[in-house]
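Remarks on the structure that follows.
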Amino acid sequence: MNAYIQRVLEETREKNANEPEFLQTVEEVLTSLEPVVDRHPEYEKMALLERMVEPERVIEFRVVWEDDTGKVNVNRGYRVQFNSAIGPYKGGLRFHPSVNLSMMKFLGFEQTFKNSLTSLPIGGGKGGSDFNPRGRSDAEIMHFCQAFMTELYRHIGPDVDVPAGDLGVGGKEIGYLFGQYKRIRNAYENGVLTGKGLSYGGSFVRPEATGFGAVYYVAEVFRHEGDNFAGKTFALSGFGNVCWGAVTKITELGGKVVTISGPDGYVYDPEGITTKEKIDYLLEMRNSRRDRVQDYAEKFGVEFYPGEKPWGRPVDVVMPCATQNEVNLEDARKIVEAGVRYYIEVSNMPTTNEALKFLLGQEGMIVAPSKAVNAGGVSVSALEMSQNSMRYNWTPKEVDKKLKDIMCNIHDASAKAAEEYGFGYNLVAGANIAGFLKVAQAMIEQGLV
Ligand code: 2IT
């Protein structure tokens, strides 16, 4: 191990001992950078890695709101402004009871590399709250979003920091957040948030972008391997927006998704989630805010496995689309035993480092990393920012074409970087290296900031 990387890892572990998810992503990324750092001794002189693992700014705040029963609730809000070397901070807001500083920092760090990979001018950030949307009414969601924005507005702006959605934050929440921002600022700055509705500055294809982009990326992997979608089976986890987009596109291209999952367990549908009725039902489940997939099994008369994950089903492609660390070493072993050939991460950091290392060590298995695969979402967010600046909208076809080109470019840039630094066709190392190099270059050129 390169001595400089070793030292930065040790210091980072010491300084952030209470932040396991953040340490996990720092270890994963820095260990891929060994041959890059070996070639660039100037990084150490400039403390480049030390600067990269330290967020530029962390904001934590109180959010007070009243629920439908008149009870006063207090939540904690966050915005981690991680890196602005290549553009304004950009990244989603997550509303989930598990949200804490470690999670926000891991997501902000990942976002910095992901956004760099898109080739668009966006820095990295992430935010959210430990607010739990499960079972909440529309009025409660609105009141929470208004209270959250009443503090957040002072830290963001179209050229400063541009939040978007993530788990628990979809079009509806973005609408309420934007309404409150506009009211407080008394200005129509619609470039301040992305994922907006089409009636007030949203972009075509943004709701589909993460899922579609992931499938476009898979298409590039298939092309590399001389393979295609026809007749292939896919095991997905999750049932939210990202999963819905991926299922839609996989079905269109001739593949068949046989599993989805929720916090309650997973569903196996041997016929595949291939009809419009079934695909639309994913949206219905999300909109209900019940946060369970058993409803799907009951509605369509298929098997439900309470408390279990879909890993171990014999399929061609596995795509975790739910949340972080949903595949551990034991799950990874099941995936390999089931004869899966393609392991495509979609949700942010779905694989523990141990499991990832194990999967990467399997002969003949292709592993693709989330920071590349799910970058279509933030890419179309950046296209939404462009359209807001131009005060002009591209057609769905135009946005979809740009998304496809961006995903193709991310795959190719990752493959090329991996090759150049001696990793072969290792898309995980390649994404880390390609993402890193652009941010590193921008930081060096901008001096000690
Ligand atoms: O993880 C992600 O890339 C997102 N949640 C989307 C971020 C964005 O700014 O669209």
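Where the only charges are on Cβ atoms (+1 Lys, Arg; -1 Asp, Glu), what is the dipole of region 1-158 about its Cα centre, to the nearest 20 debye?
It comes to approximately 360 debye.
Can you tell me the order of 388-396, 32-40, 75-83 when each peptide is scored by its average per-residue count of other Cβ atoms within 10 angstrom, highest first?
75-83, 32-40, 388-396
Can you compute the modelled spin-label distance between residue 58 and residue 7, with each label point 7 Å from Cα toward Cβ, in nm?
Label-label distance for residue 58 and residue 7, simple model: 2.4 nm.
Rounded to whole Hz and in sequence order, give me ³J(HN,Hα) for region 366-378 from the Karplus expression 6.51 cos²θ - 1.76 cosθ + 1.60, θ = phi - 60°, writing x for Gly and Pro.
9, 10, 10, x, 4, 5, 8, 5, 8, 6, x, x, 5
Give me the orientation-averaged projected area of the Cα convex hull of region 344-449, in nm², one decimal.
Across all orientations, region 344-449 yields a mean hull projection of 9.0 nm².
Give the percent of DSSP beta bridges with both residues in the chain that are antiparallel, rounded to the nearest 5.
Looking only at bridges with both residues in the chain, the antiparallel portion is about 55 percent.
Rounded to the nearest 20 debye, what is the charge dipole size of the chain about its Cα centre when +1 sits on each Lys and Arg Cβ and -1 on each Asp and Glu Cβ?
1120
What order, most packed first, do the peptides 150-156, 173-179, 359-365 have when packing is the mean number of other Cβ atoms within 10 Å of each residue?
Most protected by this proxy first, the peptides run 173-179, 150-156, 359-365.
Between 30, 193, 236, which gets the highest mean-square fluctuation from a Gaussian network model of the chain, Cα cutoff 10 Å?
Ranking 30, 193, 236 by mean-square fluctuation puts 30 first.
Can you find, among 248, 152, 1, the residue farthest towards the positive end of the dipole of the chain? Put +1 on the C-beta of Lys and Arg, -1 on that of Asp and Glu.
Among 248, 152, 1, the one farthest towards the positive end of the dipole of the chain is 152.
Compute the length gained on full extension between residue 300 and residue 14: take 0.36 nm times their separation in residues and subtract their Cα-Cα distance, giving the result in nm to one decimal.
Value of the extension gain: 97.9 nm.
Need one number for the chain: average projected area of the convex hull over its C-alpha atoms, nm².
Average of the hull's projected areas for the chain equals 20.6 nm².
In the P(r) worked out for region 138-178, what percent of Cα pairs fall beyond 14 Å?
46
Explain nothing, just compute: Karplus ³J(HN,Hα) = 6.51 cos²θ - 1.76 cosθ + 1.60, θ = phi - 60°, for every residue of region 140-145 in order, whole Hz, x for Gly and Pro.
5, 4, 4, 5, 5, 4
None of the figures in this text is laboratory data; all of them are computed from the coordinates on show. Every value quoted in this text rests on a predicted model; they were computed, and no experiment measured them. Reconstructed Cβ throughout: ideal geometry from the backbone, glycine too, with neighbour counts over all protein chains shown.
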